[in-house]
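Read the structure below first, then the notes.
The values are calculated or read from the model by the stated rules, or taken from the named source; none is laboratory data. Computed from a predicted structure; not experimentally measured. All Cβ positions, even for glycine, are placed from backbone atoms using ideal geometry, and neighbour counts span all protein chains on display. Accessible surface areas use protein heavy atoms only, side chains included; no ligands, DNA or RNA. Shrake-Rupley method; radii C 1.70, N 1.55, O 1.52, S 1.80 Å.
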Amino acid sequence: AIIFQNRRGFSPVVECHQCGGSPKCPNCDVSLTYHKTTAALTCHYCGYTFRMPQACPDCGNTDLRDRGAGTEKVEDIIADEFPAVRIARMDLDTTHTRNAYERIIAEFASGKTNLLIGTQMVTKGLDFDNVGVVGIMSADTMLNQPDFRAYEHSFMMMTQVAGRAGRKGRRGRVILQTTRPGLPVIRQIVAGDYAGFFRGLM
């Protein structure tokens, strides 16, 4: 199985439960992503990084909570719920070198790992015979990006990752997580309706 979560790190936002403050990048003025493996907050635009604070920089409260989920958190949750599953994670944090990227693919293709969790790196260019299920997480988050091309990018990525299931003439299953199943673009993704999506953009 492949699980597609188009956010790396553990959580895209860390928030103070008392004042609602959230650490931001001093260069880009965007929320910093919490990475559990390095215990650091990182800007995914410029690379600015600092250690996860013990207290809120604004009010000093120690009740800091992570909001949302990245690939690290998805990996943690699945490992807790399904301890027998052999998990691999493919994102920018796990593929620093070419060897790492090739090793992750080879181990998944051979069955050494049987669940691949990843960002858009898992959506294209991969051809696995043995993938029966693809899960697409947080489709609404992708669709709600502040970008006029958000629907187009989401349609491409979700359609591409859905195509990883059921290769070589086998039937696969795709599970798409959304709170708005009636949205036209969601119906078009599910139906593979390229023409309808194109007409809707005109």
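Which ones in region 1-31 are among the hydrophobic types (A, V, I, L, M, F, W, C), over 16 Å from the mean Cα position of the chain (by Cα) and surrounded by 19 or more Cβ atoms within 10 Å (Cβ to Cβ)?
Hits for region 1-31 are V14, C16, C25.
When region 94-149 is examined, which residues are found to be β-branched (V, I, T) and at pLDDT below 90?
T97, T123
Considering only residues that are open to solvent by less than 20 Å² (accessible area, probe 1.4 Å), more than 13 Å from the chain's Cα centre (by Cα) and under 16 Å from I175 (Cα atoms), which ones fall in region 102-133?
L115, V131
So in region 163-182, with the set limited to residues that are outside any loop (DSSP other than H, G, I, E, B) and more than 14 Å from the chain's Cα centre (by Cα), which one is nearest to G68 (Cα to Cα)?
I175
Out of everything in region 148-202 that is surrounded by fewer than 16 Cβ atoms within 10 Å (Cβ to Cβ) and touching a strand residue (DSSP E or B) at 6+ places or on another chain (Cβ under 6 Å), what residue ends up being farthest from V131 (Cα to Cα)?
Going through the qualifying residues, I end up with I175.
Name the single residue that is nearest to R8 (Cα to Cα) among those in region 63-101 being surrounded by 12 or more Cβ atoms within 10 Å (Cβ to Cβ) and polar (S, T, N, Q).
Here the residue is T71.
Which of the strands (runs of 3 or more DSSP E) contained wholly in region 1-107 include at least 3 residues that are of a type in the set (A, V, I, L, M, F, W, C) and free of Cβ contacts under 8 Å to residues at least 40 places away in the same chain?
87-90
Go through region 144-197 and count every residue that is small (G, A, S) and in contact (Cβ under 8 Å) with a residue 40 or more places away in the chain.
2
In this structure, does N99 turn out to be closer than 30 Å to Q18 by Cα and more than 20 Å from the chain's Cα centre (by Cα)?
The answer is no for N99.
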